[in-house]
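Presented below is the structure to which this report refers.
No value in this document is a laboratory result; all are computed from the given coordinates. It should be emphasised that the depicted structure is a prediction, and the values quoted were computed from it without experimental measurement. Neighbour counts are summed over all protein chains in view; Cβ atoms, including those assigned to glycine, are modelled from backbone coordinates with ideal geometry.
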Amino acid sequence: MYSIAHTRHIGPIALACRGLAILALIPTVASTQQPATAPAAAGTAAAPAARQQPAGGGLAYEKTVPVIESGKWTGKRLADGQPDVSGDWSNTIGNHNNTTDPQGGVPNDPRSPPPTTKREDRAPSRISDPADGQLPYLPWARAKQIEFQNGFFNNTKPEYVEPLSRCAPAGIPKSFYWHGYEIRQYPGYVVFLFNSGSRIIYLNNQQHLPSAISLWQGDSRGHWEGNTLVVDVSNLNSKARFGRTGEFTTENVHVVERYIFDNDGKHYNYVATFTDPDAFSRPFTVTVPARRWTTDDKENGWHYEVPLANNPGKPPIADHFERICVENNFGFGQVAVQAKK
């Protein structure tokens, strides 16, 4: 048992390739989601739904992480037996600015002053283990992380550039607190459509890709244990950062993720354990709480960038359009490695 305290950002070519790749891998299935309201009677027009202010959640509103335990799933299931968790989701405690102090702003940011609230009055670190909320870096890696952090506002080297500013995928774990995202489910697959790319989790017990192949989002193989999606992740290229504070892993990192869904269907916790002896003295765990968003919620520029589609006479549906990245997809950055003696 584990107990713990939409627009997408891609270029037009990448969009086309992503769509073809997903279509090639995933069989077409009928949607299992039920409409939010009953359809209007023939010949009548349904009144437009009033979008309500979100109840709870928000960019920097919540300061605690709900306790959700792994256990039995009692909610709806899809035809293939998967727990039905499809829909729109977003984290609840802060954005990608800061990993260990999610509501603490960006260190060295010349555009905004540091927070005036006390640290204990802000949301906890995303690092839930170790208990001090800090990453257990080896000395060389800690020095490199500080270098990345200090270089964020002084881009004198390619690796100082924030990958997202070059339209690269946010990677793991930052994809889960960089804007809202959509979860789709198919027989044998769970698909994440992020603001900055996509990710497919295979549920068919396939072997991981050869080690020579590395990816921004890694290679994901998962299975369901009750209400928990357990995912083994390898083949990360480790060019992504955890936040604007410069945290990173090496290419040899191994990640075990647990997506622990509450049976109310409204919340889940992302709990991921990272093991990377090249950069860290011990494994560490990242925890990100998330809540579901629906057409009853007011559109939100960070969490729920989903306007209602023009759907006269029918229940409202969310219109997930694509956003083209305009910063240009140039090559940049490199994996942080320990200098050879």
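Structure values in brief
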item: All lysines inside 20 Å of Lys266 as judged from Cα atoms, apart from same-chain residues fewer than 8 positions distant; result: Lys63, Lys72, Lys76, Lys298
item: Pairwise centroid distance, computed over Cα atoms, of segment 133-170 with segment 57-123, Å; result: 22 Å
item: In Hz, Karplus ³J(HN,Hα) per residue of segment 145-158 (6.51, -1.76, 1.60; θ = phi - 60°; x = Gly, Pro); result: 5, 5, 4, 4, 5, 5, x, 4, 9, 8, 6, 8, 10, x
item: Local electrostatic count, Phe284, Cβ distance below 12 Å [Lys/Arg +1, Asp/Glu -1]; result: -2
item: Cβ charges +1 (Lys, Arg) and -1 (Asp, Glu), total dipole of segment 174-257, debye; result: 280 debye
item: Cα pair distances of segment 181-305 binned at 10 Å [whole percent]; result: 11, 40, 36, 12, 1
item: Per-peptide average of other Cβ atoms within 10 Å, ordering 230-238, 301-309 highest first; result: 230-238, 301-309
item: Point-charge dipole on Cβ atoms (K/R +1, D/E -1) for segment 144-218, about Cα centre, debye to 20; result: 60 debye
item: For Gly180, net neighbour charge (Lys/Arg +1, Asp/Glu -1) across residues whose Cβ lies under 9 Å away; result: -3
